[in-house]
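A.B. asks: Below is one structure. I have some questions about it.
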Amino acid sequence: MREEEIEKLRGVVRDCVSKHLYSSAIFFADKVAAFTADPADIYMQAQALFLGRHYRRAFHLLNASKIVLSDLRFRYLAAKCLEELKEWDQCLSMLGEAKVDDEGNVYDTKDSNVMYLDKDCEDREINISSAICFLRGKAYEALENRAQARLWYKAAIKADPLCYEALECLIENHMLTCQEEANLISSLQFGSEDGWLSSFYSCLIKKYDKENVVEAKFRELENESCKSDQSDTSFLRSLKSNTDLLACKAEYYHQCGEYQKCFDLTYVLLEKDLFHLKCTLVHLAAAVELGHSNELYLMACNLVKDYPQMALSWFAVGCYYYCIKKYDQSRRYFSKATSLDGTFPPAWIGYGNAYAAQEEGDQAMSAYRTAARLFPGCHLPTLYIGMECMRTHSYKLAEQFFIQAKSTCPSDPLVYNELGVVAYHMKEYKKAVWWFEKTLALIPTALSEMWESTVVNLAHAYRKLKMYGEAISYYEKALALSTRSVSTYAGLAYTYHLQDDFTTAITYYHKALWLKPDDQFCTEMLSWALIDEKSKGL
């Protein structure tokens, strides 16, 4: 057969692959390889077999070739076959020996061959070394060696910043702390044309900066544009309405406690892209916080129907039952989500929270400990363990866990709030004031009702230190955030009472009792205030 006829057959194979006609591709690729015995044609045949899910046959074909160990293309595809067959040890063996340091730098590798791809010269390629590092990471993660997996994922993204999947694994599985994520992004060597990608990656990682800093990052990306029609300078496309970018923004709103804002954004996004899974997860979290049980029910039904084998679907069912306070059913579905995907962080957190809601501390702690072990870069499991310790009055132990959570994520204001609460319980009021003020300083947005309890706690601590002026100031700030807090009115009344301003104290005791008529403290103190006022008048 002439060369031009063989080239036409190669074109048929490529066309069959592009049209997903894999049996046809396998048939013609087999004939081309038989005619030529060229390694490139054997590789094309193996690719067709792989795409047609004939993994064992593809591996046998590659392994039988004499160049499988000397050509990185062959070795990588053979390892991919073993990945699909779940033969992880053999997969690592096929990829060859190499070592990686703590910073993700690879050394002692014998892979010196350069990968060849029959592609147009203007196409950009993902570095084959990066793909191999990523596959090593997946193999180690499957073998539950998460420490090695983390190093190889770092090596993959450092070898080629375009290897997004490696970064996704590091972020979604919480393998790095906040600082480690920031350091990794800053260490990546982006091309001159990839400035937008650097900005995008910085939006994907944990975001605890001040609102103006984060919003500036989003604006920079939204203004990134591409001229799609050279003849019309006004016809520009930008990332402003990109779903991934808006999902990042929604995640930031949720992190800041702006749940309604987050919910409104994710609702619009899901109308545009119903099956955007990252956006779906944030939408579920916001719906739980807002108590939108109907929305959770509809989302759960749709997810279970469309993705019955996905952990997110059963997590959504668990969220629905958690929202309506049916914690037994909630636990059952969170547990099912963890059994489908043991590396799905929200399911483990939800599982622990469902136990904690019924004050079943031992089981809650067990779930949180598992989450802390699986996701070392996530501070929430450690934070929740500390909260459980505080619930059982183990304040010193709780403080240790809060300090550990702070070391993992030193910029989350919630951690500092809990450190303030535990200091208050241990009667270390000056320390409590310091922690609460640090909390308010770290809040990225303007004070909202979410942080009303922190302001009240700070006022309580000042009152304990007999700094009544500061206490009254913070109680009034708390009332500006929420006018329906019994604790705030009671604290304000008691502070005035301690200053012998009985008339004002009586007014605030009445306001507290109007909100909660059976409040024992306010009822008793109101009686004393009336007696004291009468005595003062005499």
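A.B. asks: Provide, for q = 0.14, 0.23, 0.24 Å⁻¹, the log10 of I(q)/I(0) from a solvent-free Debye sum over equal Cα point scatterers in segment 125-206.
C.D. replies: Taking Cα atoms of segment 125-206 as identical point scatterers yields -0.41, -1.08, -1.16.
A.B. asks: Here is a further query. As an exercise, find the ratio Rg/Rh for segment 395-538 from alpha-carbon atoms, using the Kirkwood inverse-distance average for Rh.
C.D. replies: For segment 395-538, the value is 1.04.
A.B. asks: What ³J(HN,Hα) values, in whole Hz, does the Karplus curve 6.51 cos²θ - 1.76 cosθ + 1.60 give for segment 324-334 when θ = phi - 60°, with x put for Gly and Pro?
C.D. replies: These are the phi-based 3J(HN,Hα) values: 8, 6, 9, 6, 5, 5, 4, 4, 4, 7, 5 Hz.
A.B. asks: In addition: Considering only the other residues whose Cβ falls under 15 Å of the Cβ of D519, what net charge follows from Lys and Arg at +1 and Asp and Glu at -1?
C.D. replies: +1
A.B. asks: Please state, as a whole number in µm²/s, the translational diffusion coefficient that the Stokes-Einstein equation yields for segment 313-358 at 4 °C and 1.567 mPa s, with Rh defined as the Kirkwood radius across alpha carbon pairs.
C.D. replies: Result for D is 133 µm²/s.
A.B. asks: For segment 276-334, what size does the Cα cloud have along each of its three principal axes, sorted from largest down, in whole Å?
C.D. replies: Principal-axis extents of the Cα atoms in segment 276-334, largest first: 26, 22, 15 Å.
A.B. asks: Under a plain spin-label model, where a point goes 7 Å from the Cα along Cα-to-Cβ, how far apart in nm are E215 and S473?
C.D. replies: 2.6
A.B. asks: What does the highest-first list of 385-394, 504-513, 488-497 look like by mean Cβ count within 10 Å?
C.D. replies: For the peptides 385-394, 504-513, 488-497, the packing ranking is 488-497, 504-513, 385-394.
A.B. asks: What is the helix-to-structure angle for 55-64, meaning the angle in degrees between its Cα long axis and the longest Cα principal axis of the chain, kept from 0 to 90 and rounded to the nearest 10?
C.D. replies: Helix 55-64 sits at roughly 50 degrees to that axis.
A.B. asks: Return the tail of the calculated pair distribution for segment 272-378, meaning the percent of Cα-Cα pairs more than 20 Å apart.
C.D. replies: When every Cα pair of segment 272-378 is considered, 33 percent fall beyond 20 Å.
A.B. asks: Could you compute the net charge surrounding L479? Neighbours are other residues with a C-beta less than 13 Å from the C-beta of L479; K and R count +1, D and E count -1.
C.D. replies: 0
A.B. asks: Based only on the alpha carbon positions, what is the Kirkwood hydrodynamic radius of segment 400-453, in angstrom?
C.D. replies: Computed over Cα pairs of segment 400-453, the Kirkwood hydrodynamic radius comes out at 11.3 Å.
A.B. asks: What number does segment 374-469 give for Rg over Rh if you use C-alpha atoms and the Kirkwood radius?
C.D. replies: When Rh is taken as the Kirkwood radius, the ratio is 0.98.
A.B. asks: Debye calculation, C-alpha points only, no solvent: report log10 I(q)/I(0) for segment 50-103 at q = 0.21 Å⁻¹, in the same order as the q values.
C.D. replies: -0.72
A.B. asks: Please give every one of the lysines within straight-line cross-link reach of K326, meaning a C-alpha to C-alpha distance under 21 Å, and leave out same-chain neighbours fewer than 8 residues apart.
C.D. replies: Here the lysines satisfying the reach criterion relative to K326 are K336.
A.B. asks: Can I ask one more? What are the semi-axes of the equivalent ellipsoid for segment 6-87, taken as the square roots of 5 times the Cα gyration tensor eigenvalues, largest first, in whole Å?
C.D. replies: They are 20, 15, 9 Å, listed from largest to smallest.
A.B. asks: Taking the highest mean first, how do the peptides 253-264, 299-310 order by number of other beta carbon atoms within 10 angstrom per residue?
C.D. replies: My ranking of the peptides, most packed first, is 253-264, 299-310.
A.B. asks: Roughly speaking, to the nearest percent, how much of the chain's 1.4 Å accessible area is carbon and sulfur?
C.D. replies: Here carbon and sulfur together make up 51 percent of the probe-accessible area.
A.B. asks: Then there is this: Taking the Cβ of H393 as the centre, find all other residues whose Cβ is under 14 Å away and add up their charges (Lys, Arg: +1; Asp, Glu: -1).
C.D. replies: 0
A.B. asks: Could you tell me what % of all Cα pairs in segment 310-463 have separations over 21 Å?
C.D. replies: Cα-Cα pairs in segment 310-463 separated by more than 21 Å: 50 percent.
A.B. asks: Another question, then. Under the rule of -39500 (n - 2.57) per DSSP H run of 4 or more residues, summed and divided by the residues of the chain, what mean residue ellipticity at 222 nm is obtained, to the nearest 500 deg cm²/dmol?
C.D. replies: After summing the helix terms and dividing by residue count, I get -22500 deg cm²/dmol.
A.B. asks: Still on this structure, I have one more. Viscosity 1.306 mPa s, temperature 10 °C: Stokes-Einstein D of segment 258-309 from its Kirkwood Cα radius, in µm² per second?
C.D. replies: My calculation gives 144 µm²/s for D.
A.B. asks: Helix 128-142: angle to the longest alpha-carbon principal axis of the chain, degrees 0 to 90, nearest 10?
C.D. replies: 60
A.B. asks: Another question, if that's okay. For the chain, what is the accessible area per residue in Å², given a 1.4 Å probe and the full set of protein chains?
C.D. replies: I get 51 Å² per residue for this part.
A.B. asks: Moving on to the next point. Taking only the alpha-carbon positions of the chain and ignoring solvent, what does the Debye formula give for the base-10 log of I(q)/I(0) at q = 0.13 Å⁻¹?
C.D. replies: With no solvent term, the Cα-only Debye profile gives -1.42.
The values are calculated or read from the model by the stated rules, or taken from the named source; none is laboratory data. Everything numeric here is computed off the predicted structure, so don't read it as measured data. Every residue, glycine among them, receives a Cβ derived from its backbone with ideal geometry; neighbour counts consider all protein chains shown. For the accessible areas, the whole protein counts, side chains as well, though only heavy atoms, and no ligand, DNA or RNA atoms are used. Shrake-Rupley method; radii C 1.70, N 1.55, O 1.52, S 1.80 Å.
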